[in-house]
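Notes for the one structure printed next.
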Amino acid sequence: MMLQDKVAVIYGAGGAIGGAVARAFGSEGARLFLTGRHRAPVEIVAKDIVSAGGYAEAAEIDALDEEAVDRHLRYAAGMTGRVDISFNAVGIPNTELEGMPLAELDAGAFSLPITTYTTSYFLTARLAARHMVPNKSGVIMTVTALHSRTGIPMAGGYGPAMAAKEALTRGLSAELAPQGIRVVGLRPQGMPDTRTMKEFFESRAKVSGMTWDRWLEFGASRTHPRRLMTLEEMANMAVFLASDKASGMTGTTVNLTMGSMDD
Ligand SMILES: NC(=O)c1ccc[n+]([C@@H]2O[C@H](COP(=O)([O-])OP(=O)(O)OC[C@H]3O[C@@H](n4cnc5c(N)ncnc54)[C@H](OP(=O)(O)O)[C@@H]3O)[C@@H](O)[C@H]2O)c1
């Protein structure tokens, strides 16, 4: 198993990406401390992992609450002796962020995704690093979107937020890699089996005039294999990046857009 006995903490574990990554980590032998803003969806993921023979605990933690994140990490480290992987999969519903032209957006709505995503990633990474540095080992991970690297209309501050997270991945790595800690991100394109992708479509449906099926075809047509990635494929990549097999990779965000966006 690629993550046998690794201790992983996941933020936003009740969401599509956090849940898929948790299940994939669990099936590779990781011991999981799963968190989310609301306990119920996280509990479902934890129960599935335990039923499959894995180890998972659920906790209600707001990933913007420094004290709560710190307390939870101390608990996980106290139970297991270490923290090996921190994965921030927190996401704000697109309906709150997108669908408005930049010229009409007010400053508060523009900066909401920037402050939320960067602060949450900063806090969870910084606090995890404090447990990893003494062990000279650990992996800090997060997820971004192709908005970080390409102009997409009606996306408000989401693109700048994703670009900032990728910059933070590089900065964290520059400081932490000499101490044995890798920092890597994943940049998947929209995955059709997520609510996020449906919300993204709905915020543009009126303007684009496309149906859901046509929208998916359009997204797929831009990739090299002419199809969009599944959650399972993204989670498998997360397993590899979290594992010691990826020991040569840090300070980067892996392009999982299957050719629709060049590096
Ligand atoms: N889905 C895709 O196809 C895709 C592709 C590329 C990038 N992304 C990006 O990846 C991230 C996650 O996407 P997703 O599809 O997994 O979204 P999701 O299904 O909406 O999950 C996001 C999770 O984050 C939790 N959350 C939000 N704020 C939180 C906070 N302050 N503290 C703790 N948990 C919090 C939510 O919990 P509650 O619901 O309880 O608030 C939810 O469980 C987003 O940034 C998204 O834009 C997604």
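The values are calculated or read from the model by the stated rules, or taken from the named source; none is laboratory data. Note that the structure is a prediction, hence the values are computed from the model and not measured. Reconstructed Cβ throughout: ideal geometry from the backbone, glycine too, with neighbour counts over all protein chains shown.
General observations
- Considering only residues in the range 49-72 that are under 19 Å from Val90 (Cβ atoms), over 18 Å from the mean Cα position of the chain (by Cα) and not acidic (Asp, Glu), the one that is nearest to the ligand (Cβ to nearest atom) turns out to be Ala68.
- Residues of the range 1-30 that are away from the ligand (no atom under 16 Å from the Cβ) and either buried (at least 24 other Cβ atoms within 10 Å of the Cβ) or part of a loop (DSSP other than H, G, I, E, B) (or both): Met1, Met2, Leu3, Gln4, Asp5, Lys6, Gly26, Glu28, Gly29, Ala30.
- When the range 73-93 is filtered for residues that are in a helix (DSSP H, G or I) and surrounded by fewer than 22 Cβ atoms within 10 Å (Cβ to Cβ), the ones remaining, listed by number, are Leu73, Arg74, Tyr75, Ala77, Gly78, Met79, Thr80.
- Check on Ala205, part of a helix (DSSP H, G or I), at negative phi, modelled with pLDDT under 95 and among the small types (Gly, Ala, Ser): yes
- The residues of the range 126-146 that are at pLDDT 95 or above and within 14 Å of the ligand (Cβ to nearest atom), listed by number, are Leu127, Met141, Thr142, Val143, Thr144, Ala145.
- Meets criteria (buried (at least 17 other Cβ atoms within 10 Å of the Cβ) and touching a residue at least 40 places away in the same chain (Cβ under 8 Å)) for Gly180: no
- Considering residues of the range 130-162 that are buried (at least 18 other Cβ atoms within 10 Å of the Cβ) and among the β-branched types (Val, Ile, Thr) only, the residue farthest from the chain's Cα centre (by Cα): Val139
- Gly53 falls short of the stated requirement of being of a type outside the set (Asp, Glu) and touching a residue at least 12 places away in the same chain (Cβ under 8 Å).
- Any chance Leu34 is under 15 Å from the mean Cα position of the chain (by Cα), in contact (Cβ under 8 Å) with a residue 40 or more places away in the chain, closer than 14 Å to Thr124 by Cα and outside any helix (DSSP H, G or I): no
- Just one residue in the set Met229, Met191, Met197 is within 12 Å of the ligand (Cβ to nearest atom), within 18 Å of the chain's Cα centre (by Cα) and in a helix (DSSP H, G or I); that residue is Met197.
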